[in-house]
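Participant: My questions all concern the structure below.
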Amino acid sequence: MSDMQGLAELEKRQERKSRFRNYLGLAILVAALGWSAVHVAILSFGPQSDTALVASKTVVRFAHWQLEGRCVDALNEACREYEKLHPGVSVEQIPIPERAYEQWVRTQLIGRTAPDLIEMRWGGDIISRYFVPMTDRVEQPNPYNADDPDLAGQPWRETYIDNMMGGWNDQLRDYYGMPLSVFTVRCYANRTLMKEAANVTQPPKNLGEFIGICQRIQAFAQEHGKSRKLLPIAGSEYTENIFRGRYWAMATWNLLEDYDENCDGWIGDNERLEAIYTGKLDLATNPCVRAGYRVLYDISRYFNSGFMGMKRDESVFSFAQSNAAMIATGTWDAGSLWRQVAGDFDIMVFDFPIPTPEQPYGQYIRHRITEAGDRAGFTFGLTRISRDKERAVDFMHFLTSRKVNEKLNEKFRWFPAIRGAKTDSILAPFRPQEEGAYGVFDVWLPGDTQLHFNQQYTQYISDVDPEPSDHEEFLRAAQGNPDAFRSRYRGLADKYLARLGGKAPGQIEYPYAKYIDDWRDNHYEEFIRTYAADYKKLALADYDRALVSGYYPIVESEGSLAHSRVQAMREGMSPTIRRNYVSQVMGEAGRIGERADARATVDRIRAYLKDQKAKAAGKGDGK
Amino acid sequence: MKNVTFRQVRHLWPIYFLILPALSLIALFSYYPAVSATYHAYFQWNGDEISEYIKWDNFTRALGDPVLGASFGLVMIFIATNFVKMVPSIVTAVVIHRLASERWRYLYRVAFVIPMIIPGMVWLLLWKYFYNPNFGVLNNALDATGLMAGLQWLDVQMPMLARLITPARDAVLQPLFGGIWGFGFFGLVVLGSLGGLRGLMKGWLWGIGLLAGAWGLWGPPLPDWATYHFVEGLRRWITNPAVLARLAHMAALLAVAFGFGQVLHKRRPWGSSVIKWTAALILATFAVLVVTSAVWTEPTKAFTSASPPSWLGHSKLIIPALLFWGFPWVGVLGVLLYLSGLGNIDQSVYEAADIDGCGWLRKFTHIELPLIMTQIRLTLVLMIIGTLQDWGLVFILLGDSGGPGGVGMMPGLYMFHEAFTVGEVGYACAIGLLLFVLIMYLTIINNRYVRVSK
């Protein structure tokens, strides 16, 4: 019995032990969770908490995508200098690659984790939702200019070369940004290569000369068996974009006369939409649109193969390695390019040439692009979620004080945005050119039309011209079965048959050069007709969707207006408050008007389309 | 399965409590976003506070969106190619498994693990450089070996061949099958009729897929609900002779294929073989026709110009370049998985096969392949899900528009573009849901019908 009791006792003891073991894991987990909770609580509310840290050391964070040259280093140096002036402040720079920048910032803004200052690149709805209007602040002097004899006491806005227009938002009628530099874009040429391959020492005077130089370089490269290693222009998606920005604006500026209904110097989305839907403007046949895209195609023939698959760094590298004689880029690459090629070759800089009136496209491209109204760039906006807005603005005051801005831009080798700041001597050829045209017309709206445009345009511009063997094949096919010829070559066959003027194939001279001209025209027509049809299919829906988002700025502006009213009641109607108040009232009225106008445009287009459909149905029934 | 009683729960609560942290994290980071996406798919939502209920509009827009449609087409090409790309991994695993020396087997296994530690970005840069038109290995190798001249020749000959074949092909296939793709699909339907009508009833999920495919290729376009009232739209649709003709055509094709299966599948032992061989013949003819008359129909002009072919910048070369990406396609994870499966095969099985006089091929087809089917099924599911979801590579190489002509646009990339570039997060959620349904459907099909023999 005693043995049995002993056994039972042993079992009980073992059970107690195993129960203890079972709870051991749980105890560890509870302890770990408990410890984490206490730790988090200490960090959040204790003497070393974030709040306490913020009180003891303010952190200003700013994000941008300018990774070129010494930009990041120069900004770091400025940050350290600012920290020395303000020992309790720490400044953190967040450089983000350009490709992922837009998506990164959007996510950070929506998630409320964005830094205090963000380099801006968006339209009204994002800005009004996430950024703080600066109109109050830009009227105050920049304290860091206090010892500057020219700028001391002047409103911050007026210390800028462009009166801070780079930070002004036309749509929202408020200042939202604080720019740091001014940029222009130019063609860079390798002087040594230009002399060797094309025997030129001076920049081209017009577009014809420019194309001629490209052809000579191409011929030289072929003669010397370097067709892959020596290109006239270093092409990439990025350089193509720069050429497009210039030549497209030059060619379509003339559309202003016919389609700027409200005479505001710009063909707005609604003006363009109505003109296209009602047939007043036909994208597929408009000669200015044609000149814009055809000239770009002609220029891009001198880029490297597959340039749309190349990135900016690849084209800059190609130019710096003397694999390309020219490149188009902005002042932002000047500093790093000069440094890279020093001792290898000289760089010649020139503005984008325009054709003479007799040259192709000369009838439409009559002016260079004006840079007189160019606004300063590298613009930072203050986010609404910034913990210490005053400190963030103070940091921007520091960066935009004349001395610091001059020093910063000297290191960037960019144009300073502040009056009186000295400019690096290598930037002389980049000085803004005052006379000329400006961009007034886009052929897409953000949304589906933009995506379709990007896809179709990249295909159009990156396609390869036919070879002489294709020309021979074409002529052979023209002499064969006419139906098979037409079905295979479609528009190109029509062009050739029109040239024949009733004669039999082979009876007129149709050399390769003529064939290429027709092929390029046809290639353009196929692209533009497809896109014009897509535009009509998609643009109205895109515009309608944008109007929903466009409602927000109005709601937001009411908030600013209310704030101004309260400020006026509390502090009296000082000149600054009066100006803000008037600006906000005007802004709100403008936005309401624009929205009403946009709605009315959509309604008019819908009514027009309905009417057209009814007419078409009537005709159909009649038949 | 035994139910857990309340008493047991009281006794076992520490266990439930222990899984609680993991469950809450999964709920927070996996289920909550999915539920939120499902909810927001019915809104015009910008990802933040602008949110307007728009019922089914995002889904109807997605179903009629040509960019999304083309992206699904591309993803199907990738799935088909990735399926073929599984073969080198299987073969490699079998070859390593059959090595006589244990030490060499071990060394090869280690050699396959090492590449796993190389970051994906390094692979990407290597391959990008491989395709560089001016300095890349591929173009230089093609030039050095004279294969570039071969491509130039093909660039002239293949379109000529396509022009020769296409009229005859269309004359036969267009009226019967609605074109070459309809013909290929008919081959699949014949293969699907292997179990006869009863098999179709049992495999109804597979049947739904077949019917959806048949409708897409042979069926009439759906009624125009947007223009007309539902009933009126249906009335106009059903009374349209063209619609009725296409419906009849589709029904006839399905009836022929399944009638063929129904009649033959019970005739043992040759019935199912006839079905299989007929389907194989149709699919092989289809493959030949696709290669000769549907892929290289126009000269790319990429190999004949003075400048070298740009594999990632030319709209007609992007897809081939992406398909060739990663050659020789020996996936590290795949090889290790198959090796683990092969390791479970007992030596006695091989000995028995030797006694029966099995050669190396028979051992592969009758022993190794069936016994690693579990691993193949797993990699197949992972591959399908991965391909449907993958877009990072295309985004890095071609940007968020999918490159020239948008040829590289994938459903995931389109979703990303709509959400983060355009700001139409609600629409992106709807695309995500459609992707989810498709992935789930393909996974169920795979789990149900890819058989595992033990």
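Participant: Where the centroid of each part is defined by its Cα atoms, how far is region A:208-242 from region B:309-359 in Å?
Facilitator: 44
Participant: Over chain A, what is the relative contact order in whole percent, taking alpha-carbon pairs under 8 Å and six or more residues apart?
Facilitator: That works out to 19 percent.
Participant: Averaged across A:452-458, how many Cβ atoms of other chains sit within 10 Å of each residue's Cβ atom?
Facilitator: Details: counts 4, 1, 9, 12, 4, 3, 11.
Other-chain Cβ atoms within 10 Å of each residue's Cβ, averaged: 6.
Participant: Moving to a separate point now. Based on the Cβ-Cβ distance of B:Thr38 and B:Lys266, what FRET efficiency does E = 1/(1 + (r/R0)^6) give at R0 = 51 Å, to the nearest 0.05?
Facilitator: According to the calculation, E is roughly 0.70.
Participant: Just want to confirm a number: the relative contact order over chain B, from Cα pairs under 8 angstrom separated by 6+ residues, in percent.
Facilitator: Result for chain B is 28 percent.
Participant: I've got another one for you. Can you list the residues, at least 5 places off or on another chain, whose amide H is less than 5 Å from the amide H of B:Gly399, using H built in the peptide plane?
Facilitator: none
Participant: OK, next. Roughly how many nanometres apart are two label points built 7 Å out from the Cα toward the Cβ at A:His224 and B:Ala353?
Facilitator: So the label points at A:His224 and B:Ala353 sit 6.3 nm apart.
Participant: Related question: Can you figure out the FRET efficiency of A:Met586 with B:Ser24, using R₀ = 51 Å and their beta-carbon distance, to the nearest 0.05?
Facilitator: FRET efficiency, A:Met586 to B:Ser24: 0.50.
Participant: Among B:Val437, B:Val290, B:Val94, what is the fewest-to-most ranking by other Cβ atoms within 10 Å? Please list the in-between numbers first.
Facilitator: Numbers: B:Val437 10, B:Val290 14, B:Val94 19.
Ranked by crowding around the Cβ, least crowded first: B:Val437, B:Val290, B:Val94.
Participant: So, in Å, what gap is there between the alpha-carbon centers of region A:63-124 and region A:344-404?
Facilitator: 19
Participant: Determine ³J(HN,Hα), in whole Hz, for all residues of region A:430-437 in sequence, where each value follows from phi through the Karplus function 6.51 cos²θ - 1.76 cosθ + 1.60 and θ = phi - 60°; x replaces Gly and Pro.
Facilitator: 9, 3, x, 9, 7, 7, x, 9
Participant: Quick one: putting +1 on the C-beta of Lys and Arg, -1 on the C-beta of Asp and Glu, what dipole do you get for chain A around its Cα centre, in Debye to the nearest 20? All intermediate terms of the calculation are to be shown ahead of the outcome.
Facilitator: On the way: 79 positive and 85 negative charges, 226 e Å.
With only Lys, Arg, Asp and Glu charged at Cβ, the dipole is about 1080 debye.
Participant: Still on this structure, please answer the following. Taking amide hydrogens as modeled 1.01 Å from N in the peptide plane, which residues meet the under 5 Å criterion relative to A:Asp174, leaving out close sequence neighbours?
Facilitator: A:Asn169
Participant: For labels at B:Val122 and A:Asp388 in the simple 7 Å Cα→Cβ model, what's the distance in nm?
Facilitator: 4.2
Participant: Now a separate question. Could you point to the residue in A:Gln103, A:Met120, A:Pro133 farthest towards the positive end of region A:84-156's charge dipole, with +1 and -1 charges on the Cβ of Lys/Arg and Asp/Glu respectively?
Facilitator: So the residue we want is A:Gln103.
Participant: Beyond a 25 Å Cα-Cα separation, which of these cross-linked pairs lie in this structure: A:Lys205/A:Lys229; A:Lys84/A:Lys407; A:Lys84/A:Lys403; B:Lys85/B:Lys363; A:Lys280/A:Lys536; A:Lys229/B:Lys85?
Facilitator: A:Lys205/A:Lys229; A:Lys229/B:Lys85
Participant: Modelling each spin label as a point 7 Å along the Cα-to-Cβ direction, I'd like the B:Glu298/B:Gln174 distance in nm, to one decimal.
Facilitator: 1.9
Participant: Can you work out the Karplus-derived ³J(HN,Hα) for every residue in region B:166-172? Use 6.51 cos²θ - 1.76 cosθ + 1.60 with θ = phi - 60°, whole Hz, and x for glycine or proline.
Facilitator: 3, x, 5, 4, 5, 4, 8
Participant: Which value, in debye to the nearest 20, gives the size of the charge dipole of the protein assembly as shown about its Cα centre, when Lys and Arg are +1 and Asp and Glu are -1 at the Cβ?
Facilitator: Values: 109 positive and 106 negative charges, 832 e Å.
The dipole of the protein assembly as shown has a size of about 4000 debye.
Participant: What is the packing order of peptides B:420-430, A:406-416, A:463-473, A:211-221, taking the mean over residues of other C-beta atoms within 10 Å and listing the highest first?
Facilitator: On the way: B:420-430: 24.7, A:406-416: 23.0, A:463-473: 16.8, A:211-221: 19.0.
Per-residue Cβ counts within 10 Å, averaged per peptide and sorted highest first, yield B:420-430, A:406-416, A:211-221, A:463-473.
Participant: Something else now. Given Cβ point charges of +1 (Lys, Arg) and -1 (Asp, Glu) and nothing else, what value in debye, to the nearest 20, does the dipole of region A:207-319 about its Cα centre take?
Facilitator: 920
Participant: Here's another thing I want to ask about it. Can you tally the net charge around A:Lys610? Count Lys and Arg as +1, Asp and Glu as -1, for every other residue whose Cβ sits under 13 Å from the Cβ of A:Lys610.
Facilitator: With Lys, Arg at +1 and Asp, Glu at -1, the neighbours total +2.
Participant: Of A:Lys226/A:Lys514; A:Lys311/B:Lys316; A:Lys615/B:Lys55; A:Lys195/A:Lys411, which ones are farther than 23 Å apart at the Cα?
Facilitator: A:Lys226/A:Lys514; A:Lys615/B:Lys55; A:Lys195/A:Lys411
Participant: Still on this model: Mind ranking A:30-40, B:379-389 by how tightly packed they are, going by the mean number of other C-beta atoms within 10 angstrom, highest first?
Facilitator: Per-residue mean Cβ counts within 10 Å order the peptides as B:379-389, A:30-40.
Participant: Give the peptides B:180-189, A:431-440 in descending order of average Cβ contacts within 10 Å, highest first. Don't jump to the answer; show the numbers that get you there.
Facilitator: Details: B:180-189: 20.6, A:431-440: 15.0.
For the peptides B:180-189, A:431-440, the packing ranking is B:180-189, A:431-440.
Participant: Still on this structure, please answer the following. Convert each backbone phi in region A:493-510 into a coupling constant with the Karplus relation 6.51 cos²θ - 1.76 cosθ + 1.60 (shift: θ = phi - 60°), then list the ³J(HN,Hα) values in order as whole Hz, x for Gly and Pro.
Facilitator: 5, 4, 4, 5, 5, 5, 5, 5, x, x, 6, 7, x, x, 7, 10, 7, 9
Participant: Ok, one more. When Cβ neighbours within 10 Å are restricted to other protein chains, what is their mean count per residue of peptide A:461-470?
Facilitator: The mean count of partner-chain Cβ atoms within 10 Å per residue comes to 5.
Participant: Let's test the formula: R0 of 25 Å, r as the Cβ-Cβ distance of B:Thr285 and B:Leu222. What FRET efficiency results, to the nearest 0.05?
Facilitator: Calculated value: 0.20.
Participant: Given B:Leu205, B:Phe185, B:Ile275, which one lies farthest toward the positive end of the charge dipole of region B:173-311, if we put +1 on the Cβ of every Lys and Arg and -1 on the Cβ of every Asp and Glu?
Facilitator: The Cα lying farthest towards the positive end belongs to B:Ile275.
Participant: Find which of B:Phe303, B:Met373, A:Phe317 sits farthest along the positive direction of the dipole of the protein assembly as shown, computed with +1 on the beta-carbon of Lys and Arg, -1 on that of Asp and Glu, about the Cα centre.
Facilitator: After comparing all options, I get B:Met373.
Participant: Now, a different point. Contour minus end-to-end for B:Trp181 and B:His366, with contour as 0.36 nm per residue of separation and end-to-end as the Cα-Cα distance? Write down the numbers at each step before the final one.
Facilitator: On the way: separation 185, 0.36 × 185 = 66.60 nm, distance 3.29 nm.
Gain on stretching B:Trp181 to B:His366: 63.3 nm.
Participant: How crowded by other chains is B:312-322, given as the mean number of beta carbons from other chains within 10 Å of each beta carbon?
Facilitator: Across the residues of B:312-322, the mean count of other-chain Cβ atoms within 10 Å is 4.
Participant: Still on this structure: Per DSSP H run of at least 4 residues, take -39500 (n - 2.57); add these up for the protein assembly as shown, divide by its residues and hand me the 222 nm value, nearest 500 deg cm²/dmol.
Facilitator: -20000 deg cm²/dmol
Participant: Could you grab the relative contact order for region A:242-338? Cα pairs under 8 Å, six or more apart, rounded to a whole percent.
Facilitator: 29
Throughout, read-outs are computed from the coordinates displayed, never taken from laboratory work. No experiment lies behind these values; they were computed from the predicted model shown. As a convention, Cβ positions derive from the backbone with ideal geometry for all residues, glycine included, and neighbour counts pool all protein chains shown.
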